[in-house]
Amino acid sequence: MFFNIFLFELKYRLKRPATYIYFALFFLMTVLVVFGVAGVFGNPIIMGGGSSTSLKSNSPYQISMIITILSWFGILVTSAIMGNSVYRDFEHKTHALFFTSPISKWGYLGGRFWGSFVIALLVFSGMAFGYVFASAVAPLFPSVPADKFGPFNLMFYVMPYLLVVIPNLLFNGAIFFTLGTLTRNMLAVYIGSVLILVLYGVAGAFTEELDNEMLVSLLDPMGASAVYFTTRYWTAAEQNALFLPFSDFLVYNRLLWMGVGLVLLSFCFWRFGFSFFGAERKVRRIKKDNALGVTVPQKLALPKVGQEFSFAKSFGQYWKLTKLEFKGIVRSVYFIAILAAGVLFLLSAGSQVGKMYDTNTFPVTSEVLNILSGTFALFILIIITFYSGELVWRERDARMNQLYDALPIPNWVPFSSKLTALMGIQVILMAVILVCGVLLQALKGYFNFEISLYLKDLGMQLIGFWLMCVLAMLVQVLVNNKYLGHFIMVLYYLANIFKGQLGFEHLLYSYNSSPGRPYSDMNGFGHFIGPFLLYKVYWGAFAVLLALASNLLWVRGTEANIKGRFKLAALQVKRSSLFVLGASSAVFLVSGGFIFYNTNILHEYQDSDDLEKLSAKYEKTYKKYEDLPQPRIVDVYLETDLYPKEREFRFKGYYWLKNKTNVAIDSVHLLLDDNAVINKLEFARPAKTVLYDKEMGYHIFQLAQPLSPGDSVKLNLDLLYQTKGYKRRSYNTGIVYNGTFINSQLLPHIGYQDGFELSDDDSRRKNGLPPKERMAKVDDLKARHNTYLGNDADWITFETVVSTVPDQIALAPGYLQKEWTKDGRRYFHYKMDSKILNFYAFLSADYEVKKDKWIGTDGKPVAIEVYYQKGHEYNLDRMIKGVKKSLDYYTANFSPYQHRQVRILEFPGYATFAQSFPNTIPFSESIGFIADVDDKDPEDVDYPFYVTAHEVAHQWWAHQVIGGDVQGSTLMSETMSQYAALMVMKKEYGPERMRKFLKHEMDQYLIGRAGERKKELPLYLVENQQYIHYRKGSVVMYALADYIGEDKLNAALKEYVQQVAFQQAPFTNSIEFMTYIRKATPDSLQYLVDDMFESITLYENKATEATAAKQKDGSYKVTFTVDAKKFKADSLGNETLAKLHDYVDVAVMTRKKIDGHWQDVPLYMQKQKIKAGLNKLEVTVKEKPQKAGVDPFNKLIDRNPDDNMKDVEVKS
Amino acid sequence: MELVIQNLSKTYPNGVQALKNVNLTIPTGMFGLLGPNGAGKSSLMRTIATLQEADSGSIRLGDLDVFKEKDEMRRVLGYLPQEFGVYPKVSAEELLDHFAVLKGIHNSKERKETVAALLQQTNLYEVRKKNLGGYSGGMKQRFGIAQALLGNPKIIIVDEPTAGLDPAERNRFHNLLSEIGENIIVILSTHIVDDVSDLCRNMAIINKGEVLLTGEPLQAIDEMQGQIWRKFIKKEELAQHQAEHTVISSRLYAGKTIIHVYAQDRPDIAFEQVQPDLEDVYFATISGATKKPQRTQAEPEVMA
């Protein structure tokens, strides 16, 4: 019986076109994605995290990632297939036939389920076939490098199916099958898919919490987190070689959810009965039916009624229908379910407002809005997609369409009312976000509700969702098949995600697009609001056209084929529709034209391909001048006029250029941003322009009399930067209404600048350029003649007069000489009294100022000033404390501070960094000003303090010590700033509080190396790779200080600073730096320097067994085993086992409550020699031990840091 | 006022020809459209009710061109489709009121009165507050007629309204229809001959999209006078009789098979003449016997 039904199901499904359509969809999606990854469409896209250029497109990692990701989108297909398998008997009313035939419940349900399951699996196999096909075809494209594909291996495909696709199918299938079977309602099936997404999202929100990885992994029913945790640290070599393993994460997760699936199926089996009506759908029949003809009047007499037909009356009908449709949605249990799921999701996501280093920010309205709108958008799109279908099909689903269609209502009424109702729903959803946001803020004890910001922001979002409503309705009307309509919408959402990769960048042909409207507390919506609204007007007019089309094509009557509808539509076109058509077309064209004028005529429209070509052309044309001797900037004087309201600025002043070479220089090459209007750019002595390449801003001047060695020449300049209209997306956020932040990049550079060359090898190859090393070799003496900040200056003197509007304060490096107001402008004269790097910035905003002072041991004061946005007072004290503690530590341990002042200047959160200029630290509003640090919570990181300490450290490690333009130089700036900040932090908060931070750094390093594009290098050869110089740097330097002693290390650093600070070319390199480190390191630990700085070293330490016995004297004897391994990795991540005979912390810990929080406290911690393999260890401690093992604070780099310690089994 | 249908033809995209050059003139009063399942009745009804386009031909209601002036047609139309549903969670009164608004009855007092009157007439008044989901088939059908009567229509189209009703319900329904049919056009499509003979002043028989006969039922019966013969036979003999005679119908009666045969003269001695009724007219017409003598056969179902 089972087998018959199973086979029938297979045969039935194999005859359905849907089966093949789904298969084809999977096949095509996979082909497209693989083509994208392989680079058929241009630059390869990155899918699933593997970003190395050496990653093969058919590596097991890439295959499992693509198949996993695409199979998530398959949820809809799963729901359609599995939800439908019993439901269709109810839909077609064949259930009575089946239920009365002598079949067993198992035969019926089992046959249907497994039949559908096999079909679903077949459909999903489209991905594997698509992959194999694409792997065979993609290499034929010339843009795909020959080594992008490796040989075929069946197991690469089998494993993701075994571990991801099949378990997911079983779990999802069980849900959808059960829902469809028991509720006999297809919408319920969709709710199921929403709930899965919610669970998935909730697990995702928890991922932020680093500590409960197993829980996160288990909570995620799709296994995505399990896959992530299993593969996150895989290097390129591993990605190419390893296939998805049966890791703990995966095995437990898969078993759990397959189990849940089976439990669901048994529940379904148990609940299911062969009854005509669903269990919960017993309709209460009206028993009493009047005896016929008894009370009925004999004569049919109906009151005469008046019928009125006019536009006004039709409008009344439209409004009434709108209300009806609206109520229909709002009251439907499914809407409430989706909404409830969404709110749950909102509140869980919203509890993690603004996480950074796992530390919350204050729930300021803009942050709350950000996080809530982002997570809720998915639910809104689901609601739009589903309810557009429900609305369009409402009458037909209730089989009332013929009644409705014969009613004397104008054609526009039904469509418009449904659309309006759907749009009304969006208003409700926005209100839900508002309420949840205010609730979240209140729950967190934050009561500064900026309701007007809520209204503005949500109002602008609302426009976008309204436009989506129109599109969804059009799709439903056009395809005239609810499920196909849903599917097309989902494809549309996906296409939107990938459109950039496919080369569709211009917003003019991307429906509902806008150039964005980032919000900043400092600048509000700033100048973004105008273009945003213009785009919305443009797309709004287009949406009206879409709505008009949908209305004309609306199915009325039984004529549903598209040809007939077009014919009918043509007949229907009346004057009013022509008027709407004309008016909205006019608005569409005019606004579109205006946008085009701005993006393509006022500015040259360049998409990313154009920009790449330009870079390539620059290199091809001017690279030949790279080695030409050029003078260097030695003095800069600028009158900088900022016009924030007009978004213009002007530089007027001069450079002094000095010939520091030993040959005469006859021509000077300049590179200047091509947006600058050049009022003046001329030498103070006779010279003629030999070349002016406007496209690239390249100038060559020939001096009438060559500049002899040691001689100087003055370059006068007067440059104007205007903001004309706007560009497409990322238009200038430097000069804004409030919070201007521009830097020296906008001024002329001397000589050929290799920084503008294409750096990515794929892009270089595409543009006919050979691969290029990221940086010059560490010992390249020629390259060391420049600092890594620029090749046109060493140390300069700097003076500027900055002017701005009267209500703003303008700032630049240097000390304020004078401030005055003239002609409605406010002027600030800054002058630097010592030499600085050629690296400066100008800022202007309506600032509040907080002032303080630090007195050095020599009695000289340093002024501390924080310039901040009103309302952002939360962390000013932390920052000031950060400055003071930093100055304490750095002056004591490195060298004196070269300036008399430290200024922190807030700038809008369009970028999230802080940057150190001489005596001046611009600091983004979004990385610390609104942080909400709980000093009592050991898990919180005081990052305003830390970032301040890091930036202040740069005044030494970059502004005193600056490496040459070679590999490894950021070791002496970024790594050392990290180290300095860590030490200041440790001193302030104690070593225990550092663990969270270091764990984060380790994790980021390991993830970073997995995402390396080219090659990982040892720390001392770092090529400006952030995961190395920041993340690995933190871990390594902290450990080094621990191993050789902080004082000893600092003494070495001090010596080094004294040696190289403010030096002239050639500039220092990491080899020189390492000699100081080596000198401070005892012979027994020299291996550490090799491991940490000069190679890539990874430990795999694990405590395997730990027991303790209580001694007579009350102490505990702890016996434990540690399994240790050490690996060396090459630049691609290939590992070899290394000899291990190292000092490692051996520790026994207990847990104690400190300040109300549980913390691990060591009872015993000593460095002991550990060898490779098993180490038996024995320690006696006074208190009852909880854990024992090695390296509890993760000083050594280890991919499984959590297994270093093992719970102690106490035997008494 | 008359409804005039001229040269109406319609072929569905799947190739089925639902209407073949239909010409009909339908006067005020009840008009019965008789035909087997799939004859094209519903297609014709939907076309009149503005729900479907025709490939050619025209329909005029008085001066009104139904195809070109759909809105105007809908204002005077009451339509009860063969199959329809209701919103299960809405009460009869609410839904009827809702339809009344859509029919252009904007005066709320009038609307209230007419809704109440219609619910009275259709005997739903007592259950008017109950949700339609709990209605029986007959109650639902009566609700359907109530909505078709909203707004004093000039033409009412009811498609197979009595299918699924019990005899008492059907009776009651007929009374209602015949009263309505006194002053306006009521088109009733059915495959039940008695419905037409009971109710209709005029009728048409339609099969395979073609109008085979139009006129008054009594007159049609008259014309068949003396041409219908009856015989009791054994079941096994049916095939032979069908081969030899124009058998227009056969049915079981008390265990035996009675056949009706259409013939100008008594076929043989075993046949007795019977007084024809509309059923004989119907079967004789759709079997094609009245045109050229031939055997009846099972017609392929025409899905429309």
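The values are calculated or read from the model by the stated rules, or taken from the named source; none is laboratory data. Keep in mind the model is a prediction, meaning the values are calculated, not measured. Glycine also receives a Cβ, built like all others from the backbone with ideal geometry; neighbour counts cover every protein chain displayed.
Worth pointing out:
- In this structure, A:Asp942 does not qualify as modelled with pLDDT under 90 and more than 24 Å from A:Ala845 (Cα to Cα).
- Subset of the range A:518-571 [away from chain B (no Cβ under 12 Å) and not in a helix (DSSP H, G or I)]: A:Pro518, A:Tyr519, A:Ser520, A:Asp521, A:Met522, A:Asn523, A:Gly524, A:Phe525, A:Trp554
- Unique residue being free of Cβ contacts under 8 Å to residues at least 60 places away in the same chain, over 30 Å from A:Lys822 (Cα atoms) and buried (at least 20 other Cβ atoms within 10 Å of the Cβ) when the list is A:Gly751, A:Gly755, A:Gly790: A:Gly790
- Residue ID - modelled with the lowest pLDDT, chosen from residues in the range A:724-763 that are of a type in the set (S, T, N, Q) and under 21 Å from A:Glu906 (Cβ atoms): A:Asn732
- Filtered by the rule that a residue be at the interface with chain A (Cβ under 8 Å from one of its Cβ atoms) and either farther than 15 Å from A:Asp405 by Cα or in a loop (DSSP other than H, G, I, E, B) (or both), the range B:76-95 gives B:Pro81, B:Glu83, B:Phe84, B:Gly85, B:Val86, B:Tyr87, B:Pro88.
- Restricting attention to the range A:907-953, the residues that are under 27 Å from A:Lys835 (Cα atoms) and of a type in the set (A, V, I, L, M) total 6.
- Among the residues listed as A:Gly50, A:Gly111, the single one being assigned to a loop (DSSP other than H, G, I, E, B) and touching a residue at least 40 places away in the same chain (Cβ under 8 Å): A:Gly50
- Some residue of the range A:159-182 being out of contact with any Cys (no Cβ under 9 Å at 6 or more places or on another chain) and at pLDDT below 80: no
- Scanning the range A:822-831 turns up at least one residue that is part of a strand (DSSP E or B), crowded, with 21+ Cβ neighbours inside 10 Å and either without any contact (Cβ under 8 Å) to a residue 40 or more places away in the chain or not aromatic (Phe, Trp, Tyr) (or both).
- Residue in the range B:169-177 that is away from chain A (no Cβ under 14 Å), over 15 Å from the mean Cα position of the chain (by Cα) and farther than 18 Å from B:Val281 by Cβ present: no
- If the condition is being of a type outside the set (Phe, Trp, Tyr), part of a strand (DSSP E or B) and surrounded by 12 or more Cβ atoms within 10 Å (Cβ to Cβ), then the range B:228-255 contributes B:Ile228, B:Arg230, B:Lys231, B:Ile233, B:Val247, B:Ile248, B:Ser249, B:Ser250.
Conditions tested, residue by residue: (1) touching a residue at least 12 places away in the same chain (Cβ under 8 Å); (2) buried (at least 19 other Cβ atoms within 10 Å of the Cβ); (3) under 22 Å from A:Val1035 (Cβ atoms).
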position	(1), (2), (3)
A:Leu1098	yes, yes, yes
A:Gly1114	yes, no, no
A:Phe1120	yes, yes, no
A:Lys1139	yes, no, yes
A:Lys1152	no, no, no
A:Lys1171	yes, no, no
A:Leu1174	yes, no, no
A:Gly1189	yes, yes, yes
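- Residue list for the range B:154-168, restricted to those being more than 10 Å from chain A (Cβ to nearest Cβ), surrounded by 21 or more Cβ atoms within 10 Å (Cβ to Cβ) and under 17 Å from B:Arg75 (Cα atoms): B:Ile155, B:Ile156, B:Val158
- The residue that is farthest from A:Ile382 (Cα to Cα), counting only those in the range A:307-326 that are at pLDDT 90 or above and away from chain B (no Cβ under 12 Å), is A:Thr322.
- Out of A:Val1035, A:Val1022, A:Val1057, sole residue that is over 16 Å from A:Ser1070 (Cα atoms) and β-branched (Val, Ile, Thr): A:Val1035
Okay, residues lined up against (1) more than 19 Å from the chain's Cα centre (by Cα); (2) over 30 Å from A:Asp934 (Cα atoms); (3) at the interface with another protein chain (Cβ under 9 Å from one of its Cβ atoms); (4) buried (at least 21 other Cβ atoms within 10 Å of the Cβ):
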{"position": "A:Gly328", "(1), (2), (3), (4)": "yes, yes, yes, no"}
{"position": "A:Tyr334", "(1), (2), (3), (4)": "yes, yes, no, no"}
{"position": "A:Ala337", "(1), (2), (3), (4)": "yes, yes, no, no"}
{"position": "A:Val353", "(1), (2), (3), (4)": "no, no, no, yes"}
{"position": "A:Asn370", "(1), (2), (3), (4)": "no, no, no, no"}
{"position": "A:Leu381", "(1), (2), (3), (4)": "yes, yes, no, no"}
{"position": "A:Thr385", "(1), (2), (3), (4)": "yes, yes, no, yes"}
{"position": "A:Trp393", "(1), (2), (3), (4)": "yes, yes, no, no"}
{"position": "A:Ala398", "(1), (2), (3), (4)": "yes, yes, yes, no"}
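- Of all residues in the range A:686-723, those satisfying the criterion of being charged (D, E, K, R), loosely packed, with under 13 Cβ neighbours inside 10 Å and not in a strand (DSSP E or B) are A:Lys694, A:Glu695.
- Filtering A:Phe117, A:Phe176, A:Phe113, A:Phe156 for residues that are within 27 Å of A:Ile384 (Cβ to Cβ) and buried (at least 20 other Cβ atoms within 10 Å of the Cβ) leaves a single hit, A:Phe176.
- Exactly one residue out of B:Gln225, B:Gln219 is under 30 Å from B:Arg266 (Cα atoms), part of a loop (DSSP other than H, G, I, E, B) and modelled with pLDDT of 85 or more: that is B:Gln225.
- Scope the range B:100-110; condition more than 7 Å from chain A (Cβ to nearest Cβ) and in contact (Cβ under 8 Å) with a residue 12 or more places away in the chain; matching residues: B:Ala100
- Residue list for the range B:39-57, filter: in contact with a Gly (Cβ under 6 Å, 6 or more places away or on another chain) and either at the interface with another protein chain (Cβ under 10 Å from one of its Cβ atoms) or surrounded by fewer than 24 Cβ atoms within 10 Å (Cβ to Cβ) (or both): B:Leu51, B:Gln52
- A:Ser886 among the polar types (S, T, N, Q), over 25 Å from the mean Cα position of the chain (by Cα), at negative phi and not in a strand (DSSP E or B): yes
- Positions within the range A:223-245 being outside any helix (DSSP H, G or I), hydrophobic (A, V, I, L, M, F, W, C) and either closer than 19 Å to A:Gln1004 by Cα or in contact with a Lys or Arg (Cβ under 7 Å, 6 or more places away or on another chain) (or both), in sequence order: A:Trp234
- Residue ID - farthest from the other protein chains (Cβ to nearest Cβ), chosen from residues in the range B:111-133 that are small (Gly, Ala, Ser) and free of Cβ contacts under 8 Å to residues at least 24 places away in the same chain: B:Ala116
- Checklist (1) at the interface with chain A (Cβ under 7 Å from one of its Cβ atoms); (2) among the small types (Gly, Ala, Ser); (3) assigned to a helix (DSSP H, G or I) applied to B:Gly151, failing item: (3)
- Note on the range A:988-1025: residues that are modelled with pLDDT of 95 or more and surrounded by fewer than 19 Cβ atoms within 10 Å (Cβ to Cβ) amount to 0.
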